[in-house]
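Every number in this text was worked out from the coordinates using simple rules, so none of it is lab data. None of the values given here were measured: they were computed from a predicted structure. We place every Cβ from the backbone using ideal geometry, glycine too, and count neighbours over all the protein chains shown.
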Amino acid sequence: MLVLIPPHRSARFVQDSGLANSAGWIPVDRNTLATQHENVYAIGDVTAVSMPGRWKPDVPLMLPKAGVFAHSQALIVAERIAGEISGKRADAQFCGDGFCMLEAGEDLAGFAFGNFFAEPSPDVRLKKIGRSWHLGKVLFEKWWLAPYGIRRSLLESAITTGGKILGVPVKL
Ligand SMILES: Cc1cc2nc3c(=O)[nH]c(=O)nc-3n(C[C@H](O)[C@H](O)[C@H](O)COP(=O)(O)OP(=O)(O)OC[C@H]3O[C@@H](n4cnc5c(N)ncnc54)[C@H](O)[C@@H]3O)c2cc1C
């Protein structure tokens with residue numbers, strides 16, 4: 001078995017955009033996702049988001065690159081841009097919440113969740129491995145791929161209700 005991780009870097013056009021730092025990632029305001037250029041936002045893996053908390057006082061932390069963050073950042077930026085265009089207040093903020101099902105095979109998964117912007121250090125918890133987290137992952141994938149409509153809404157309700165029953169905050 002070969003496990004291969006290709007070099008982790010941003011696309012050339014990002015590096016050449018004038019938005020990126022020397023490492024090739026785009027620094028943004030951690031709450032608004034605004035870049036240093038007016039009316040330009042960046043979301044997802046391409047960003048460099050500094051986290052306020054630390055494990056060691058002299059070691060700054062950056063937000064990990066994950067789809068769950070790209071997704072919630074997209075919602076925030078869409079809301080802010082819509083607000084700016086319509087002239088309404090646009091104060092939606094990315095709060096650093098994230099979650100992840102950790103597949104373990106045999107229909108089992110663990111579940112990690114928490115607030116990555118918590119202080120003095122990120123507040124990330126891990127739920128014991130079980131079948132419900134795997135079921136959550138299956139439903140999440142179906143929801144993600146479902147077109148807008150009744151099926152998507154039902155899947156969303158199932159996931160959020162399941163989250164409440166299991167005592168974990170899941171925002172879609
Ligand atoms: C194996 C693996 C497992 C993962 N598992 C998880 C997980 O369980 N949970 C989780 O939250 N995250 C997970 N991630 C991370 C997640 O996939 C990424 O954080 C997420 O996809 C980032 O989304 P993005 O839109 O920022 O970037 P991307 O998904 O990388 O999208 C960037 C897009 O830009 C396109 N592009 C590049 N250059 C150009 C160009 N010049 N012109 C036009 N388009 C261009 C690319 O083709 C790509 O489609 C995983 C990643 C990997 C690799």
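Brief remarks on what is shown
- The stretch 48-88: number of residues that are in a loop (DSSP other than H, G, I, E, B) and either among the hydrophobic types (A, V, I, L, M, F, W, C) or out of contact with any helix residue (DSSP H, G or I) (no Cβ under 6 Å at 6 or more places or on another chain) (or both): 15
- Residue 45 passes every criterion in (1) within 14 Å of the ligand (Cβ to nearest atom); (2) in contact with a strand residue (DSSP E or B) (Cβ under 8 Å, 6 or more places away or on another chain); (3) more than 26 Å from residue 162 (Cβ to Cβ) apart from (2).
- Some residue of the stretch 18-28 being outside any helix (DSSP H, G or I) and within 27 Å of residue 101 (Cβ to Cβ): yes
- Test: residue in the stretch 150-165 that is of a type in the set (Val, Ile, Thr), on the phi < 0 side of the Ramachandran plot and touching a helix residue (DSSP H, G or I) at 6+ places or on another chain (Cβ under 7 Å): yes
- Matching residues in the stretch 105-144 - criterion: being touching a helix residue (DSSP H, G or I) at 6+ places or on another chain (Cβ under 7 Å) and either at negative phi or buried (at least 16 other Cβ atoms within 10 Å of the Cβ) (or both): 108, 109, 110, 111, 127, 132, 136, 139, 140, 142, 143
A quick yes/no check of all residues on (1) within 16 Å of the ligand (Cβ to nearest atom); (2) in contact with a Phe, Trp or Tyr (Cβ under 9 Å, 6 or more places away or on another chain); (3) touching a residue at least 12 places away in the same chain (Cβ under 8 Å); (4) small (Gly, Ala, Ser):
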{"site": "37", "(1), (2), (3), (4)": "no, no, yes, no"}
{"site": "40", "(1), (2), (3), (4)": "yes, no, yes, no"}
{"site": "53", "(1), (2), (3), (4)": "no, yes, yes, yes"}
{"site": "61", "(1), (2), (3), (4)": "no, yes, yes, no"}
{"site": "83", "(1), (2), (3), (4)": "no, no, no, yes"}
{"site": "86", "(1), (2), (3), (4)": "no, no, no, yes"}
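- Between 10, 22, the distinction of being farther than 24 Å from residue 92 by Cβ, within 14 Å of the ligand (Cβ to nearest atom) and not acidic (Asp, Glu) belongs to 10 only.
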